[in-house]
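The values are calculated or read from the model by the stated rules, or taken from the named source; none is laboratory data. All of these numbers come straight from a predicted model, not from anything done at the bench. No Cβ is skipped: glycine too gets one built from the backbone with ideal geometry, and neighbour counts run over all protein chains shown. Heads up: the accessible areas ignore ligands, DNA and RNA and are worked out on the full protein's heavy atoms, side chains in. Shrake-Rupley method; radii C 1.70, N 1.55, O 1.52, S 1.80 Å.
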Amino acid sequence: MLTAFDPVTKGIVISVAAVLAATPLVFLAMQAAGKLNEKLRKELWTRYLSWLVIAPLLMVPVLAGRVWTILGVGVLSLFCYREYARATGLFRHHALSATVALGIALLTFAALDHWYDFFVAVPSLMVLILAMVAVGADQPSGYIQRVALAVFGLLLFGVCLSHLGYFANDKAYRPIVLMIILCTELNDIFAFITGKAFGRRRLAPQTSPNKTIGGSVGSLVLTTALVAWLAGPIFSGTPLDHPVHRIAMGLIVSIGGQFGDLVLSSIKRDLGVKDLAVVIPGHGGLLDRFDSLLLVAPAMFHYVGYFWELGLDQPARLLSGGL
Amino acid sequence: MSEWSYQPAADQELPPGQRLRSVRRETGVTGAIAHYGWGTFVRLYLRAYHRLHIEGRENLPVDAPFVVIANHSSHLDALTIATALPWRLRRKAYPIAAGDTFFESHTTAFFSAIMLNALPMWRKRTVRHALDQLRQRMLEEPCGYILFPEGTRSRTGELGTFRSGIGMLIAGTAVPAIPCCLSGAHDAWPPTSRVPRPRPIQIRIGKALRFPDTPNERSGWNDVAKQLEAAVRELRN
């Protein structure tokens, strides 16, 4: 089945499957060596079982095709916004939440239609619609807070994330999207491991007390190296086939990922909640898992798009049928 | 300029299964759409299949908080009362349903929570604590409840004795308790029958009673229960 895909896509899928298959053996070996106490063992297994569900949910739509990738990102955006709305209290304002959901639906439509002008128009149009809808309640007290929260939610979980789906309008989207997801997730893991090994000074103690400068630098080096390596075959023969671009993309993934994480930590600290939801056992909410992708998706999209014309050789306005 | 204040959902830190069963459950747009859609379907069903007749709508309050109470003899009762409420009240109204019947499995809990907007009352557990939570929520949010003070469905269709729990909810508050009388529901879907029969159902909504000076203690609770039972009895005659 995998033979239809390019070597990088095949490589990523096989590697992830192999790592997931081998992980229980590592746990068993660690247990046999007496390196796991009961609490750690339980936590590792919970996290592992969650990954067994998350990994296919992320990869299968990307492999299945353009439409599934864009719809999958649209659904992820809606669920992420839902967590945010419930944590901020915005969910009680039904008209505003429904308008944000409409904005996410329109962004998803623009991506499905491959209509970039509309994709760019939706954010600004939705801002004015949100400002108007909020007037409807005739409740000036708290107006700025409500509109600002809704606009922030739309931009962060709708606009930012939908760029990941828009990649699918390029013929060669699979390895790019898979590389972004894989390296962003690994960036977190690299930061955790190198932080444990070399972390001394804390990076932002008020925002996220467990993050260290050692972890941040460690993940920057490792993620950049991994992206630079994977980007070689992916962008071979394109204007991005140059070491400077490959390293730049690595830096974007690592720095964007770390800031995405810190942005969500800041939101959680400000709200005074530990996790944004309790959906994924061992992880917390969807946003606790996918926060790093929020900033990486648009940053990578525009970097790649600036130097290499993403999807421009593909038919546009597939559904709306315009010019 | 006022400070920003955030109010996370009261059930924000609960996993999905516990959220459905929590008396602190709060829903957003999707919940409201499901609730409204199901309500519309039930309204059409009750009108068409049971020729539902509603009397005394003018006795309903303008806004929450409120408590609607009635005699209980059929699973159609809470649906009928909810149908009699206009959307401005229905969207804030939570039927109080038996936890061991309506919230036991994930499927029934999902249906009860999302479609009916019901909150569970676990009859075998600490009723007092649950009623305190409900009372607090009703006054703070504010919201309304639909409940049946007999505590269970009447097996004969006759009105049973009201339990004092209703008193724990409203004694010492100005919250209006609206007595209702349902007739025909027992005949339409008695506890012995598996499916509803096409019999007419009538609901009569009485004038609200308030208990602001009733002490919030055992004697006051009993007093509330007695007065409301008498009000429902009067509506039946």
Legend entry - C-alpha center-to-center spacing [region B:108-138, region A:165-230] in angstrom: 44 Å
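Could you tell me which helices of chain A pass both thresholds, a Cα extent of 24 Å or more along their own axis and a mean Kyte-Doolittle hydropathy of at least 0.5, with helices taken as whole DSSP H runs? Each step should come with its number before you reach the end.
Working: long enough: A:7-32 (37 Å, 1.68); A:38-64 (39 Å, 0.65); A:66-88 (33 Å, 0.60); A:94-113 (28 Å, 1.60); A:116-135 (30 Å, 2.23); A:173-198 (36 Å, 1.19); A:213-234 (31 Å, 1.60); A:243-271 (42 Å, 0.69).
Helices passing the filter in chain A: A:7-32, A:38-64, A:66-88, A:94-113, A:116-135, A:173-198, A:213-234, A:243-271.
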Legend entry - Cα-only Debye scattering, the protein assembly as shown: base-10 log of I(q)/I(0) at q = 0.06, 0.07, 0.12 Å⁻¹: -0.41, -0.54, -1.15
Legend entry - Rough spin-label spacing in nm, given labels placed 7 Å along Cα→Cβ, for A:H242 and A:V263: 2.8 nm
Inset, instruction - Check cross-link reach from B:K226 to the lysines: straight Cα distance under 20 Å, and skip same-chain residues fewer than eight apart. - result: B:K207
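Treating only the Cβ atoms of Lys and Arg (+1) and Asp and Glu (-1) as charged, compute the dipole magnitude of the protein assembly as shown about its Cα centre; round to the nearest 20 debye. Intermediate results must be reported in sequence, preceding the final value.
Details: 55 positive and 39 negative charges, 300 e Å.
Roughly 1440 debye for the protein assembly as shown.
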Inset, instruction - Treating each Cα of region A:2-307 as an identical point scatterer and ignoring solvent, apply the Debye formula and state log10 I(q)/I(0) at q = 0.07, 0.08, 0.11, 0.13 Å⁻¹. - result: -0.29, -0.38, -0.72, -1.00
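Can you tell me the dipole magnitude for region B:1-128 around its Cα centre, using point charges on the Cβ only (Lys, Arg +1; Asp, Glu -1), in Debye to the nearest 20?
Taking the Cα centre of region B:1-128 as origin, the dipole is about 240 debye.
For region A:2-307, what % of the accessible area comes from carbon and sulfur atoms, probe 1.4 Å?
Values: 9750 of 13810 Å².
Of the solvent-accessible surface of region A:2-307, carbon and sulfur hold 71 percent.
One-quarter of the Cα convex hull surface for region B:161-237, in nm²? If you can, show how the numbers build up before the last one.
Values: hull surface 23.4 nm².
If you wrap the Cα atoms of region B:161-237 in a convex hull and average its projections, you get 5.9 nm².
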Inset, instruction - Ignoring ligands, DNA and RNA and using a 1.4 Å probe, state the total buried accessible area between A and B in Å², rounded to the nearest 100. - result: 1700 Å²
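At 1.4 Å probe size, put B:E55, A:E38, B:E26 in order of accessible surface, largest to smallest. Mind showing how you got there, number by number?
Values: B:E55 65, A:E38 105, B:E26 25 Å².
Largest accessible area first, the list is A:E38, B:E55, B:E26.
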Inset, instruction - Could you work out how far apart the two model spin labels at B:T152 and B:D187 are, taking each label as a point 7 Å from the Cα in the direction of the beta carbon, and quote it in nm? - result: 2.6 nm
Legend entry - Dipole of region A:2-307 [Lys/Arg +1, Asp/Glu -1 at C-beta], most positive-end residue of A:A32, A:L271, A:A98: A:A32
Legend entry - Principal axis dimensions, region B:84-237 - Cα atoms, whole angstrom, descending: 44, 40, 33
Inset, instruction - Select from A:I181, A:I144, A:I213 the residue whose mean-square fluctuation is largest in a Gaussian network model of chain A (Cα-Cα springs shorter than 10 Å). - result: A:I144
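May I ask you to rank A:V19, B:V62, A:V177 by accessible area, largest first, using a 1.4 Å probe over the protein chains only? Provide the component values of the computation, followed by the final result.
Working: A:V19 95, B:V62 115, A:V177 0 Å².
Sorted by accessible area, descending: B:V62, A:V19, A:V177.
Any idea what the relative contact order of chain A is, in percent, if you count C-alpha pairs under 8 Å spaced at least 6 apart? If you can, show how the numbers build up before the last one.
Working: 401 pairs, mean separation 64.5, N = 323.
This gives 20 percent for chain A.
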Legend entry - Cβ-based charge dipole, chain B, positive-most Cα from B:W4, B:A230, B:T108: B:T108
Inset, instruction - Divide by every residue of chain A the summed helix terms, -39500 (n - 2.57) for each DSSP H run of at least 4, and state the resulting mean residue ellipticity at 222 nm, rounded to the nearest 500 deg cm²/dmol. - result: -24500 deg cm²/dmol
Legend entry - Positive dipole terminus of the protein assembly as shown, leading residue within B:T192, B:T40, A:L240 (C-beta point charges): B:T192
